[in-house]
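The values are calculated or read from the model by the stated rules, or taken from the named source; none is laboratory data. All figures in this text were calculated on a predicted structure; none of them were measured in a lab. All Cβ positions, even for glycine, are placed from backbone atoms using ideal geometry, and neighbour counts span all protein chains on display. Side chains included, ligands, DNA and RNA excluded: accessible areas come from the protein's heavy atoms. Shrake-Rupley method; radii C 1.70, N 1.55, O 1.52, S 1.80 Å.
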Amino acid sequence: LGDPMLADMLVRQPGYFYGYHISRSSWISILLDGTVPFEEICQWIDESYAVTASRKKQQKIRPPKEWIVPANPKYYDIVHAFDDAREIDWKQGRGIKAGDTVFIYAGAPVSAILYKCRVMETDIPYEYSDRNLTITAVMKIRLQKRYEADRFTFAKLKEEYGIYAVRGPRGIPESLSEALR
């Protein structure tokens with residue numbers, strides 16, 4: 001379970017015991033005689049898998065996440081990216097997976113979040129390289145919402161949400177997530 005306090009609480013309920021066959025105090029055994037409901041047993045099996053899975057497997061089973069992804073207007077016309085298409089290919093961000101939400105932040109001179117997009121597909125092979133940028137994989141993103149350039153400016157991100165830089169894909173605080181809805 002990963003949490004000894006949770007194990008302590010569970011073993012006080014009928015059908016739960018400390019994992020005698022495992023040396024860690026955060027593991028439990030469950031009696032399979034009907035004392036513990038089947039759905040609960042399945043929940044704990046899933047939890048056990050999530051706790052013991054490799055980092056790569058944990059990434060695959062994690063719930064959808066929200067990201068801010070930077071765009072440099074010097075290299076790509078992000079302001080007009082969705083003028084002709086609802087879906088575009090975008091540089092693959094590390095840790096981003098299908099189902100996640102990305103908020104595209106346009107760097108200077110715009111310096112603001114402009115778009116909310118859903119990640120439709122990831123790890124699409126792509127080869128691009130110049131002296132400023134190398135891309136080996138892209139993701140397909142679908143536009144969900146547009147924001148006015150004066151709504152989520154860098155100054156506002158800094159003052160109200162504690163975001164002092166957007167240099168690569170990054171998670172966002174819950175307060176900003178709520179404001180972006």
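Taking residue 170 as the residue in question, decide whether it is modelled with pLDDT under 95 and within 13 Å of residue 115 (Cα to Cα). It is false that residue 170 is modelled with pLDDT under 95 and within 13 Å of residue 115 (Cα to Cα).
Of all the listed residues (156, 116, 145), the sole one being within 28 Å of residue 55 (Cα to Cα), modelled with pLDDT of 95 or more, among the charged types (D, E, K, R) and open to solvent by 30 Å² or more (accessible area, probe 1.4 Å) is 116.
This table checks each residue for (1) under 26 Å from the mean Cα position of the chain (by Cα); (2) not β-branched (Val, Ile, Thr).
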{"position": "3", "(1), (2)": "yes, yes"}
{"position": "8", "(1), (2)": "no, yes"}
{"position": "30", "(1), (2)": "no, no"}
{"position": "39", "(1), (2)": "no, yes"}
{"position": "46", "(1), (2)": "yes, yes"}
{"position": "51", "(1), (2)": "yes, no"}
{"position": "71", "(1), (2)": "yes, yes"}
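Scanning region 63-84 for residues that are free of Cβ contacts under 8 Å to residues at least 12 places away in the same chain and farther than 14 Å from residue 110 by Cα, we see that the one that is most open to solvent (accessible area, probe 1.4 Å) is 84. Listed by first and then second residue, the pairs with beta-carbon distance under 8 Å, at least 6 apart or on different chains, first residue in region 1-14 and acidic (Asp, Glu), second open to solvent by less than 60 Å² (accessible area, probe 1.4 Å) and at pLDDT below 80, are 3/26.
As a summary of the residue check, residue 50 satisfies the conditions (1) open to solvent by 50 Å² or more (accessible area, probe 1.4 Å); (2) among the aliphatic types (A, V, I, L, M); (3) in a helix (DSSP H, G or I); (4) within 25 Å of residue 173 (Cα to Cα) except for the one numbered (1). Selection of region 57-115 for residues being in a loop (DSSP other than H, G, I, E, B), basic (Lys, Arg) and over 18 Å from residue 126 (Cβ atoms) yields 62, 65, 74, 86. Kindly indicate whether residue 126 is in contact with a strand residue (DSSP E or B) (Cβ under 7 Å, 6 or more places away or on another chain) and open to solvent by less than 80 Å² (accessible area, probe 1.4 Å). Spelling it out, it is not the case that residue 126 is in contact with a strand residue (DSSP E or B) (Cβ under 7 Å, 6 or more places away or on another chain) and open to solvent by less than 80 Å² (accessible area, probe 1.4 Å). Every listed requirement among (1) touching a residue at least 40 places away in the same chain (Cβ under 8 Å); (2) open to solvent by less than 80 Å² (accessible area, probe 1.4 Å) is met by residue 110 save one, (1). When residue 166 is tested against (1) outside any loop (DSSP other than H, G, I, E, B); (2) within 27 Å of residue 61 (Cα to Cα); (3) touching a Phe, Trp or Tyr at 6+ places or on another chain (Cβ under 7 Å); (4) open to solvent by less than 60 Å² (accessible area, probe 1.4 Å), just one condition goes unmet, and that condition is (1).
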